[in-house]
Structure formats: structure tokens, C-alpha cells
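Heads up: the structure comes next, in C-alpha cells.
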2 protein chains.
Amino acid sequence: MEYIKNPMKIEEKSFEMIQDIIDEIRPGYEFKNNVEEKIIKRSIHTTADFEYLDILKISDKAVESIIDALKNNATVYTDTNMALSGINKKRLEALGCKYKCLVADEETAKLAKEKSITRSMAAVEIAAKEPGRKLFVFGNAPTALYKAMEMKNSNELELDAIVGVPVGFVGAAESKDELEKTEIPYIISKGRKGGSNLAAAIINAILYTM
Amino acid sequence: MEYIKNPMKIEEKSFEMIQDIIDEIRPGYEFKNNVEEKIIKRSIHTTADFEYLDILKISDKAVESIIDALKNNATVYTDTNMALSGINKKRLEALGCKYKCLVADEETAKLAKEKSITRSMAAVEIAAKEPGRKLFVFGNAPTALYKAMEMKNSNELELDAIVGVPVGFVGAAESKDELEKTEIPYIISKGRKGGSNLAAAIINAILYTM
């Protein structure tokens, strides 16, 4: 069986194919700018789903806010270990950024039980008390996204931006619609689609432009 | 903001909504059997992508082979840490199964460099030398899937089944087409779609039937 075995060539060829397919299925499609192009193409690379041409929404200040936070030793908080495992941690470390997923911690489980909330929500409450700049990267839990918006709104949480791409059927689309209405810099996927893999891909796309 | 905060209710409601949407968009759609239904619905739950109704292919002996391996202390080998992080490891441990992703190991990197192959391929070569029953769960690397087929074909590798759902543009669809032609029990996603999240969801769906 003949197949390409060079990882660099595989990635390069993949992005060429993505552009070719966009030209074919969406002639005249224009990316707003170079970074948005990289984010959307990496989202497609990760999912093979060209719907991201239409459903990925990036607020005006989102990229700038995320880059500024990453340049200032922000901590990246994810809502799943899966998202965390997909993020390029070497790049984050090189920037002096931290990264964590608090969802599976004992303290989080305890707080969630006490308050009868999801562990994803409890993780946001715990993150809020930590020092330093914060980026939230949610690919799974609408409840985490709602909690972050609530706490930001009541000045209990400072954050730089949210990559908010929870996937699913209960609350996912609605939570992202709510985020669009806030002043928080955001990157979202409209509707039900999204995921931990997508969340990681979006952060990686931005890291690779830095 | 009002939203459901009980994780059990969120999951239950999600699966109800998935069935409702199937009834709406694909009236008369029939699952072949109960386990296949659970696998496909969990795939949709993880991706919000109803294309999995059509592109998920489960070979006749796949579920039986996977369950038999899981009941006999098999090791689950994934091609990414992301897939591994999504798999329900408590369930695997309760069954006495092991799980690992060898891709980031030093030994794997060394072997890949020596042989000018991908780390995903090197990881399969290393797994092949380990004792015990084996399940391969690939969500990312067509090269891993090709390698496993090659080694199985030349009797260098014994395995029980492959969950082969690499996503992507270079080799992903082709590698899955090849797997369909083998005698290896398989679960695949036809075409470009797939992913680490999907790979984990498929194994979890089967674990939850046991």
C-alpha cells in the first residue's frame, strides 16, 4: 500500500486540499483576514467539516485579545481533558503560559456536589479565584460557558476571551447565542456543532500565527 | 439565564433530542441492532453531526470482537492522547483492561526517526511486540491504520479489532476503504470525517453496553 508518510508533507498537502475544496464548493468565498483564514482552515482540518466556513464566528477583538493574553502569561482553562490534550502545550510553555483542566480535580467534584452544580461550573468558580490573566476554552460544557458569563457579568471573574464551542443538544447552541450578546471577546461555532477537538484546533491555529 | 444543570438529565435529554431529529430528518431510518444504535447515537452526541447515520460502518464481527477483547483484559492502543483522554478509563480498569497511547513516548520518537516513518506508525510497531490482546483505536493517523493492516497481513501483529476513524484529507478516506477490504473486524467512518473525539465515543458506547 502506497501512502504519504512524512508528517510535514501530510499537513501541507491537507491545507492545499482544503483550499481546493473551498474553491470548488464555495467559489468566491472570502476570509476576512489572514488569522481568521488560519482558524477556519484548521477547524476544517480537524473535523473535515466545511460547515465551519459558515458557523465559526469570531468577534472583532477576539484574536487580538487572545494573542495579548497569551503574550502576558495567561492561563488557558479548558472544560475537558480532551481539549487540553489537543492544545500545543510546548507553544504555551514557550510563551510562559499555563494550562489546566480543573474538571476532574477533587476540589471541583466536592464543590459541584455541595452546590448541586456541574463539575464544569464548579471548575469555573475555582478558576475565578486564581490570579493572572485567563482564557477559557470550552468545547463541551454549555454550563461552563453560562457560568463564566454569569460570573463575568457580576464582576466575580476577570477574563480575556472565551473560545466557546460546546457541542451538543441541550444548551450548546443557546449558550453560544448568549455569548454573542456579551462584550466578552469570543470565538464560537453557531448551532449544535463544536467539540473539544475544535476548541483545541482554534487555540492552536492562533498559537501558530505567533 | 435558565439552563439545565444536572449532568444525567442533560445526557438523557440529548439522546431523546437525537432520536427526535432522526425521526424528523430521516423518517423510517432503522438501526440494524441495539448496539449499533448506541454507537451511532453516541457518535452523533459527540459531534452533533447526523451524517454519522450514513457514514459509520460496523463490520459483522466488530462489536462481538471488541466486547470479547474487552472481557479478556485487552489493551486499548490509541493514536492520540486526545482519543485516550476521551475514553472512559474507569470502565476499562474495572474490566481489567489497559490503555495507552505510545505516540509521544521517547522510544517511539526514536524508532520513527531511525526508520523515517511517522510516530503513529512507530507506535504500532512497538505495540505489536507487547503481549496480550489488542484493540486499536485510531482517530487521527491514516499511517497508523495502514501500518496495522500491513503488519497484520504479514503476521507481525495480532489484534482483535480496529476502530478506524481517522479524520482528514490525505489518506484518511483511503485508509478506511482499505480496512473495509480486510478480514479485520472494524468500525469505520467512510470518507474524510472522523476524529479522536469520535474514536473515544465509539469505544465508550460499547463499554456502556457491557
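Averaged over peptide A:187-199, how many Cβ atoms belonging to another chain are found within 10 Å of each residue's Cβ?
Mean number of neighbouring Cβ atoms from other chains: 4.
Work out which residues of the stretch B:3-19 lose at minimum 30 square angstrom of accessible surface when the other protein chains are put back, relative to the chain isolated, with a 1.4 angstrom probe, and list them by number.
B:3, B:5, B:10, B:17
What average count of beta carbons from other chains do you get within 10 Å of the Cβ of residues in A:117-127?
1
When all alpha-carbon pairs of chain B are counted, what percent fall beyond 22 Å?
48 percent
Report the residues of the stretch A:176-199 in range of a label on residue B:21: point 7 Å along Cα→C-beta, backbone N strictly under 13 Å from it.
A:190-195
With 23 Å as the limit, write out which pairs from B:98/B:147; B:57/B:89; B:13/B:71; A:181/B:5 have Cα-Cα distances beyond it, or answer none.
B:57/B:89; B:13/B:71
What number comes out for accessible area per residue over the stretch B:1-151 if the probe is 1.4 Å? Units Å², please.
50 Å²
Hey, if we sort B:154, A:120 by accessible area with the 1.4 Å probe, largest down, what's the order?
B:154, A:120
Could you give each residue of the stretch B:22-39 its phi-based ³J(HN,Hα) in whole Hz, using Karplus coefficients 6.51, -1.76, 1.60 with θ = phi - 60°, and x for Gly or Pro?
4, 4, 6, 8, 9, x, x, 4, 10, 7, 5, 7, 4, 5, 4, 4, 5, 5
Using a basic spin-label model with each label point 7 Å from the Cα along Cα→Cβ, how many nm lie between residue A:11 and residue A:129?
The answer from the label model is 3.9 nm.
With the solvent-accessible surface defined on protein heavy atoms using a 1.4 Å probe, which residues belonging to the stretch A:38-52 display a reduction of at least 30 Å² in accessible area in the multichain context relative to the isolated chain?
The answer is A:48 - residues whose exposure falls by at least 30 Å² when every protein chain is included.
Please report the antiparallel percentage of the DSSP beta bridges confined to the stretch B:55-207, to the nearest 5.
15 percent
In chain B, carbon and sulfur make up what percent of the accessible area (probe 1.4 Å)?
45 percent
With a 1.4 Å probe and every protein chain left in place, tell me how much accessible area residue B:119 has, in Å² to the nearest 10.
Its accessible surface works out to 120 Å², give or take rounding.
Read phi for every residue in the stretch A:10-16 and hand back ³J(HN,Hα) as whole Hz from Karplus 6.51 cos²θ - 1.76 cosθ + 1.60, θ = phi - 60°, with x for Gly and Pro.
Whole-Hz 3J(HN,Hα) from phi for the stretch A:10-16: 4, 5, 4, 4, 4, 5, 4.
Grab the other residues whose beta carbon is less than 12 angstrom from that of residue B:133, score K and R as +1, D and E as -1, and report the net.
Local net charge: -1.
Determine the total buried accessible area between chain A and chain B, counting protein heavy atoms only with a 1.4 Å probe; round to the nearest 100 Å².
So the total buried area for this chain pair works out to about 3300 Å².
Take the alpha carbon atoms of the stretch A:1-57, find their center, do the same for the stretch A:80-119, and report the distance between the two centers in whole angstrom.
Comparing the Cα centres of the stretch A:1-57 and the stretch A:80-119, I get a distance of 29 Å.
Rank A:80, A:118, A:182 by mean-square fluctuation in a GNM of chain A with C-alpha springs under 10 angstrom and give only the top-ranked residue.
Judging by the Gaussian network model, the answer is A:182.
In angstroms, what radius of gyration and Dmax does the stretch B:108-210 have, counting Cα atoms only?
13.2, 42
Can you tell me which of B:168-174, A:104-110 comes out highest on packing, and rank the rest after it, using the mean Cβ neighbours within 10 Å?
Result, highest mean Cβ count within 10 Å first: B:168-174, A:104-110.
May I ask you to evaluate 6.51 cos²θ - 1.76 cosθ + 1.60, the Karplus curve with θ = phi - 60°, for each residue of the stretch B:174-184 and list the ³J(HN,Hα) values in order in whole Hz, giving x for glycine and proline?
5, 4, 6, 4, 5, 4, 4, 7, 8, 8, 5
Between copies, how far apart are the residue B:9 label points? List them in nm, one decimal, shortest first, with each point 7 Å from Cα toward Cβ, please?
Result, one decimal in nm: 5.5.
Please state, rounded to one decimal and in Å, the Kirkwood hydrodynamic radius that the protein assembly as shown gives when every pair of distinct Cα atoms enters the mean of 1/r.
Evaluated over the protein assembly as shown, this radius sits at 21.9 Å.
Can you pull out the GluC sites (Glu not before Pro) in the stretch A:1-76 whose DSSP state is coil and whose Cβ has at most 12 other Cβ atoms within 10 Å?
A:2, A:30
Simple spin-label model, 7 Å along Cα-to-Cβ: residue B:71 to residue A:115 in nm?
About 4.4 nm separates the two model spin labels.
By the scheme Lys and Arg +1, Asp and Glu -1, what is the net charge of all other residues having a beta-carbon under 13 Å from that of residue B:106?
Once all neighbours under 13 Å are counted, the net charge is 0.
With every protein chain kept in the model, how would you rank B:117, A:187 by accessible area, 1.4 Å probe, largest at the top?
Sorted descending by solvent-accessible area, the residues read B:117, A:187.
Could you give the size of the charge dipole of the stretch A:100-210 about its Cα centre, using +1 on the Cβ of each K and R and -1 on the Cβ of each D and E, expressed in debye and rounded to the nearest 20?
Dipole of the stretch A:100-210, to the nearest 20 debye: 280 debye.
The values are calculated or read from the model by the stated rules, or taken from the named source; none is laboratory data. Just so it is clear, the model here is predicted, and its values are computed rather than measured. Positions of Cβ are generated from backbone atoms using ideal geometry, with glycine treated the same way; all protein chains shown enter the neighbour counts. Side chains included, ligands, DNA and RNA excluded: accessible areas come from the protein's heavy atoms. Shrake-Rupley method; radii C 1.70, N 1.55, O 1.52, S 1.80 Å.
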